[in-house]
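Structure record follows, encoded as structure tokens.
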Amino acid sequence: MKTVFAALGLMAALALPGCKIVKTVAGGETAAAEAGEAGDDARIAALLDKTYEAELLPLIAKALPVADLRAALAGGLEAAGAAHGNKGSGEGAAWNFAVKGEGKVVEANLTSRARKAMLDTDGDGKADLTLQLGPVIKGSSLRDVAPFYKFGDFRDQIEFAKLARALNDRASAGLQVPEGELVGKTVGFSGTVDLKAATDPWLVTAVTLSVAP
């Protein structure tokens, strides 16, 4: 009987330190993960400070007008992409284009965090592209339009995705979106769009925005 009690006591004694060891390891992993995230954020912030205004905005300033890009796409996405775009990384990646233009706002949603304005750029009274105004922005076209942001320069897909989000945040923060009704007003813009097919709807991430009075 004494032997049984001794064995049980030994097991209990071993179990308690075991719990402590697990907690210590888990805490260490959490701290390491937090340190890694902080390091990612710092590296990406430094990269944006170096490239956003000096390289990315000048690239977008050379954007094709909407009508010219549509004409190029009529000859096929691959030809248009090779001549005017940059392809994202990975199999099946979209072509990304810098585009600029103006149009009348047919519909707008400025009350959600994913603000949008739908524009008629060809005068037929129907919306033919959507401007993303943020702060919530879908996609990675701001990153993928630029040949100087290369996947191989980043630790992994997670860090590369953080770059896309940081670029979207920077672009949205730089937009001056007027308060009040936008529908019926003429809006000028420049930004980026990603397309996997020439007939895809245009979801443009806006980098500049101007609204006619």
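The values are calculated or read from the model by the stated rules, or taken from the named source; none is laboratory data. These numbers were taken from a predicted model, which means no experiment stands behind them. Every residue, glycine among them, receives a Cβ derived from its backbone with ideal geometry; neighbour counts consider all protein chains shown. For accessibility, only protein heavy atoms count, side chains too; no ligands or nucleic acids. Shrake-Rupley method; radii C 1.70, N 1.55, O 1.52, S 1.80 Å.
Quick check on residue 163: is it out of contact with any strand residue (DSSP E or B) (no Cβ under 8 Å at 6 or more places or on another chain) and open to solvent by less than 10 Å² (accessible area, probe 1.4 Å)?
Details: out of contact with any strand residue (DSSP E or B) (no Cβ under 8 Å at 6 or more places or on another chain): yes; open to solvent by less than 10 Å² (accessible area, probe 1.4 Å): yes.
Taking the combined requirement at face value, the residue satisfies it.
Among residues belonging to segment 136-148 that are assigned to a loop (DSSP other than H, G, I, E, B) and touching a residue at least 60 places away in the same chain (Cβ under 8 Å), point out the one that is farthest from residue 95 (Cα to Cα).
We begin by selecting, within segment 136-148, every residue assigned to a loop (DSSP other than H, G, I, E, B); these are 136-140, 145-148.
With the extra rule that they be touching a residue at least 60 places away in the same chain (Cβ under 8 Å), the set shrinks to 137-139, 145-148.
Numbers: 137: 18, 138: 16, 139: 12, 145: 8, 146: 11, 147: 12, 148: 15 Å.
The extreme case among them is 137.
Would you check if residue 203 is assigned to a strand (DSSP E or B) and out of contact with any Ser or Thr (no Cβ under 6 Å at 6 or more places or on another chain)? Full working, then the answer.
Working: assigned to a strand (DSSP E or B): yes; out of contact with any Ser or Thr (no Cβ under 6 Å at 6 or more places or on another chain): no.
It is false that residue 203 is assigned to a strand (DSSP E or B) and out of contact with any Ser or Thr (no Cβ under 6 Å at 6 or more places or on another chain).
Could you list, in sequence order, all residues of segment 59-75 that are assigned to a helix (DSSP H, G or I) and free of Cβ contacts under 8 Å to residues at least 12 places away in the same chain?
Those that are assigned to a helix (DSSP H, G or I) and free of Cβ contacts under 8 Å to residues at least 12 places away in the same chain: 68, 70, 71.
What do you reckon, is residue 170 open to solvent by 40 Å² or more (accessible area, probe 1.4 Å), in contact with a helix residue (DSSP H, G or I) (Cβ under 7 Å, 6 or more places away or on another chain), at pLDDT 95 or above and not in a loop (DSSP other than H, G, I, E, B)?
In short, yes.
Restricting to segment 91-135, give me the number of residues that are without any contact (Cβ under 8 Å) to a residue 40 or more places away in the chain and either in contact with a helix residue (DSSP H, G or I) (Cβ under 8 Å, 6 or more places away or on another chain) or basic (Lys, Arg) (or both).
Residues in segment 91-135 being without any contact (Cβ under 8 Å) to a residue 40 or more places away in the chain and either in contact with a helix residue (DSSP H, G or I) (Cβ under 8 Å, 6 or more places away or on another chain) or basic (Lys, Arg) (or both): 4 in total.
When only residues in segment 101-157 that are over 18 Å from residue 195 (Cβ atoms) and polar (S, T, N, Q) count, which is surrounded by the fewest Cβ atoms within 10 Å (Cβ to Cβ)?
This residue is 111.
How many residues are more than 12 Å from residue 142 (Cα to Cα) and surrounded by fewer than 19 Cβ atoms within 10 Å (Cβ to Cβ) when one looks only at segment 56-69?
Step one: list which residues in segment 56-69 are more than 12 Å from residue 142 (Cα to Cα), which gives 58, 61-69.
With the extra rule that they be surrounded by fewer than 19 Cβ atoms within 10 Å (Cβ to Cβ), the set shrinks to 58, 61-62, 65, 67-68.
So the answer is 6.
Taking segment 70-92, which residues are surrounded by fewer than 18 Cβ atoms within 10 Å (Cβ to Cβ) and among the aliphatic types (A, V, I, L, M)?
Correct list: 71, 74, 79, 82, 83.
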